[in-house]
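Right, one structure below, let's go through it.
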Amino acid sequence: MSTIQRAYKTELDLNNEQQITTCRQHAGAARWAYNWGLQRKEEAYRATGKSPNAIDLHRELNALKQTQVPWLYAVSKCAPQEALRNLDNAFAHFFRRAQLKQQGKLRGKLGYPRRKSKKRGPGSFRLTGAIVVYPDAVQLPRLGRLRLKERGYLPTGGVKVLSATVSEYAGHWYVSLLVEQEQDIPENTGPVVGVDLGLKRLATLSDGHVEDNPRHLKRRLQKLKRLQRAVSRKVKGSQNRKKAARRLGTAYRTVANQRANTLHQFTSRLAKTKSVVVLEDLNVAGMLKNHALALAISDVGWGAFRRQLTYKAAWYGCRVIVADRWFTSSKTCCRCGWVDEQLTLKDRTFSCQHPACGQVMDRDLNAAINLEQLAGSSPDRINACGEGSAGLGRPAQVKLPSVKQEPNAFSASA
Ligand SMILES: [Zn+2]
């Protein structure tokens, strides 16, 4: 048995205006505190070269409450406090990425913390403390008992509730409980598999399995475009514009739900049935800059794929290995190690030009097998490649690139 942390998210059934108003107030307080904290940090940094942390800011905020922002008394003290903690995390994330950039290990954006805008919806807030779960409701500090749409999903016993995050999306309110629970991590005796992520197909596995990409967004793009046009035609600030915006939000929400569902099913299946999964390290942010690919990539949800797989792997005794970014999984022949420098995105098959090999194979399958071999499951094949190419006066073309083990998002402690 080991202790793991996991989150359970489910929709709230806020049945009266009072509850919705209170949720909005809390989310508003969290947003205000975040923006205020960001401004304070920037001011302090400019003045002194040092920036106050969440604890300093919370102390300062408590003093302000008595004079300038008395309305904060109306909400749980957790909401602003946790928002300031989020702000600290956002800065930690930014500095970590800035350091990686300095070392030349990062090509994407640094992600400097931004102000949270009301225009993007009410937002969210996190509460800690006395949280009680019932089969059909959850009781939160200050908000009282809130009904749930789905009965029996949240764990009611045998877990320690660490926090509850309430958030809004397209007019629906959700609660996400972070809990600590004891879980048996099963012995995973499944095979090793390499996964090549793609656009036409969501993924190709080295065992030959192909996972189709349902492309929820693309299918609905026409409808989304029509709804988007409807919003822009309405007068700014009018009721009709609000209504149209709500319809657009709902359509996006449907797409997001479907996409999440597809990904969750796929990542769960991989984590449960494979002992090792080898992935490429994709520079998603960099690829999104390529406008031809951007929509297709954001539709697939690669970032979410890796994140989900990593935390689920910890639950099911699976290991995730991420190949070095420069590993040429697509351009290398999985049988002999010959490298096709001319291979482009258009080429759907890989045909090896090595005289002694001449293998022709589906491009994605070839890449997936190369990834699988990284796990060291079939070292004989990699050795054979190296020797074969060296023997013909070429440098050995298959170098074992460095692999890094994905740290488990939810670390399991025995
Ligand atoms: Zn070959």
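Here the range 312-335 is the region considered, the condition is being of a type in the set (A, V, I, L, M, F, W, C) and under 23 Å from Phe266 (Cα atoms), and the residue that is nearest to the ligand (Cβ to nearest atom) is Ala323.
Is it true that Trp338 is touching a His at 6+ places or on another chain (Cβ under 6 Å), over 14 Å from Leu197 (Cα atoms) and either within 16 Å of the ligand (Cβ to nearest atom) or open to solvent by 30 Å² or more (accessible area, probe 1.4 Å) (or both)? So Trp338 fits the description; yes.
Here are some residues: Ala170, Ala164. Which one is on the phi > 0 side of the Ramachandran plot, surrounded by 14 or more Cβ atoms within 10 Å (Cβ to Cβ) and not aromatic (Phe, Trp, Tyr)?
Numbers: Ala164 fails: on the phi > 0 side of the Ramachandran plot.
Matching residue, one of Ala170, Ala164: Ala170.
Could you please let me know if Leu106 is surrounded by 14 or more Cβ atoms within 10 Å (Cβ to Cβ), modelled with pLDDT of 95 or more and of a type in the set (A, V, I, L, M, F, W, C)?
Details: surrounded by 14 or more Cβ atoms within 10 Å (Cβ to Cβ): yes; modelled with pLDDT of 95 or more: no; of a type in the set (A, V, I, L, M, F, W, C): yes.
Spelling it out, it is not the case that Leu106 is surrounded by 14 or more Cβ atoms within 10 Å (Cβ to Cβ), modelled with pLDDT of 95 or more and of a type in the set (A, V, I, L, M, F, W, C).
Only one of the numbered conditions (1) more than 15 Å from the ligand (Cβ to nearest atom); (2) modelled with pLDDT under 90 is violated by Ala390, and that is (1).
Can you pull out the residues in the range 363-387 that are more than 14 Å from the ligand (Cβ to nearest atom) and either open to solvent by 30 Å² or more (accessible area, probe 1.4 Å) or modelled with pLDDT of 50 or more (or both)? Let's see the steps before the verdict.
Start the filter on the range 363-387 by keeping residues that are more than 14 Å from the ligand (Cβ to nearest atom), which leaves 364, 368, 371-372, 374-380, 383.
Of everything in the range 363-387, those that are more than 14 Å from the ligand (Cβ to nearest atom) and either open to solvent by 30 Å² or more (accessible area, probe 1.4 Å) or modelled with pLDDT of 50 or more (or both) turn out to be Asp364, Ala368, Leu371, Glu372, Leu374, Ala375, Gly376, Ser377, Pro379, Asp380, Asn383.
In the range 145-187, of all residues being touching an Asp or Glu at 6+ places or on another chain (Cβ under 6 Å) and part of a loop (DSSP other than H, G, I, E, B), the one that is nearest to Gln5 (Cα to Cα) corresponds to Arg151.
Residues that are more than 21 Å from Leu127 (Cα to Cα), polar (S, T, N, Q) and at pLDDT 95 or above do occur in the range 38-48. Of the candidates Arg269, Arg259, the single residue that is open to solvent by 30 Å² or more (accessible area, probe 1.4 Å) and either small (Gly, Ala, Ser) or at pLDDT 90 or above (or both) is Arg269.
The values are calculated or read from the model by the stated rules, or taken from the named source; none is laboratory data. In this text, all values refer to a predicted model and were calculated from it rather than measured experimentally. Don't worry about glycine lacking a Cβ; one is built from the backbone with ideal geometry, like all the others, and counts go over all protein chains shown. Surface accessibility is based on the protein's heavy atoms, side chains included, excluding ligands, DNA and RNA. Shrake-Rupley method; radii C 1.70, N 1.55, O 1.52, S 1.80 Å.
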